[in-house]
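Please read the structure below before turning to the comments.
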Amino acid sequence: MEQQFSSATLGMWAFLLTEIMFFGGMFGAYTIYRYMYPAAFESTTHYMNVTLGAVNTMVLICSSLTMALAVRSAQVDNQKLLRLMLVLTLIFGFVFLGIKGYEYHEKFVEHLIPGPNFEYNNRAFAHEAQILFFLYFAMTGFHAIHMIVGAGLMTNLIVQSARGRYSSAYYAPVEIVGLYWHFVDIVWIFLFPLLYLIGAHLHT
Amino acid sequence: MKHQVTPVRTYVLVWLALMILTSVTWQVALLDLGSLNIVVAVTIAVIKMTLVISIFMHARHAESVTKLYVFAGFLWLVILLSFFLMDYLSRGWQVVGKPY
């Protein structure tokens, strides 16, 4: 059992490394374009909803805490607390997605979605700024897809834990979904300052 | 199975630290520190990441081979990004973007 747990954890980390490469490519594109068009990138912060971005960061951090506590509850055989923590984690995940959806709606209304209908009041940067919004939708979009997958995994954990499948002797699925959930949180920890705060000092 | 069980107190303290660091990132971004803004932002993000990986993801108590995976993954990413920058930063002969 111990060996199974170790190999499952290691396997999950191997998968997360492929995820680092996946997001790493986009962070690479971001690095290059931000270096090439620093002023244009700074001008985009004016069009971001920084407050909602910060709130979402905190929502995800709370969900990471409840996820960590869920794993701990399984370790100490507290079934009731395990179910409660998993449900809380799922709720935080949905709050995050709801806020994200609201932000997407805002961007849609303001014509900030890259493409033929993209409109940017700051004429000097109309073209370069579009690159940031493309990166914004690509990176937060893929992040949101990961959140949706995470919500699915969380639902499965809740169903299985309601059937009493997890205990201190067997909780590898909880641990592994936890690793995935925390990884997605880490991606957002980087996305928040890199996408929402580039030019925050210009707009105070 | 005898896994190291982290006390609730530790988890809550890490959560508190992450929340405080989030506010710090936000507030520091409002100050004009020139090129230091990005350095501060990324440094805080890396500290937050380290907290999440070592405590929430139990990397602290993981086996050495798992630790190696974690370390290698981020090292390769740093190498990738450094080589990108090495290329673009050295293109002094090419006019890119608009100056600050």
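Considering amide H positions built from the backbone, and no H for Pro or chain starts, which residues 5 or more places from residue A:168, or on another chain, come under 5 Å of its amide H?
A:77
Sum -39500 (n - 2.57) across every DSSP H segment of at least 4 residues in chain A, then divide by the residue count to get the 222 nm mean residue ellipticity, nearest 500.
The per-residue figure over chain A is -27000 deg cm²/dmol.
Taking 0.36 nm per residue of sequence separation and subtracting the Cα-Cα distance, how much length would be gained by fully extending the chain between residue A:10 and residue A:158, in nm to one decimal?
Once the chain is fully extended between residue A:10 and residue A:158, it gains 50.9 nm.
Can you send over the carbon and sulfur percentage of the accessible area for the range B:1-54, probe radius 1.4 Å, protein chains only? Each step should come with its number before you reach the end.
Numbers: 2170 of 2940 Å².
So the carbon and sulfur contribution to the accessible surface is 74 percent.
Give me the accessible area buried between chains B and A, both sides summed, with a 1.4 Å probe, in Å² rounded to the nearest 100.
Its buried surface, counting both partners, is about 5000 Å².
Which angle from 0 to 90°, rounded to the nearest 10, does the C-alpha axis of helix A:2-36 make with the longest principal axis of chain A?
0
I'd like to check one number: the per residue accessible area of chain A, probe 1.4 Å, reported in Å² as a whole number.
In whole numbers, chain A has 39 Å² accessible per residue.
For the range A:1-47, state which residues have at least 40 Å² less accessible area in the presence of all protein chains than in their chain by itself, taking the probe as 1.4 Å and leaving out ligands, DNA and RNA.
Residues of the range A:1-47 that lose at least 40 Å² of accessible area once the other chains are added: A:2, A:10, A:13, A:17, A:20, A:31, A:32, A:35, A:36, A:38.
The values are calculated or read from the model by the stated rules, or taken from the named source; none is laboratory data. Given the structure is predicted, the values throughout are model-derived calculations rather than measurements. Just the protein is used for accessible areas: all its heavy atoms, side chains included, with ligands, DNA and RNA removed. Shrake-Rupley method; radii C 1.70, N 1.55, O 1.52, S 1.80 Å.
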